[in-house]
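The values are calculated or read from the model by the stated rules, or taken from the named source; none is laboratory data. As the structure is a prediction and not an experimental result, all values here were calculated from the model. Positions of Cβ are backbone-derived with ideal geometry, glycine not excepted, and every protein chain shown enters the neighbour counts.
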Amino acid sequence: MPAKSGFSHAFAAFASIIIGSFLSNYLAAHESVLTDITQTAGNWLTATIGVPASSTVAGMLLVSSILAFVWGVAYHVARH
């Protein structure tokens, strides 16, 4: 039993390293687009709610919160 679960965890860790490298390169290539999206979301959030933070920080928080929500919904749907 430990050999099976150990192998799956080792494979998952290795796959995470490989996929993370590709994802990092992809995001670096599209940095200007992602920066514009984050700035726009941050400007909207600070103007709408009046959060006393820079638009970059507010945008990152908003985008990451939306992604976490979508991930949670997908996980819930997959589990049930």
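Structure summary
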| item | result |
| --- | --- |
| Yes/no for L27 being surrounded by 10 or more Cβ atoms within 10 Å (Cβ to Cβ), modelled with pLDDT under 90 and either in a helix (DSSP H, G or I) or touching an Asp or Glu at 6+ places or on another chain (Cβ under 7 Å) (or both) | yes |
| Per-region count, the stretch 50-72, residues assigned to a helix (DSSP H, G or I), among the hydrophobic types (A, V, I, L, M, F, W, C) and surrounded by 11 or more Cβ atoms within 10 Å (Cβ to Cβ) | 7 |
| Any hit, the stretch 45-59, residues being on the phi > 0 side of the Ramachandran plot and over 17 Å from the mean Cα position of the chain (by Cα) | yes |
| Contacts under 7 angstrom Cβ, first residue in the stretch 10-38 being among the polar types (S, T, N, Q), partner surrounded by 10 or more Cβ atoms within 10 Å (Cβ to Cβ), 6 or more apart | T38/T56; T38/G59; T38/M60; T38/V63 |
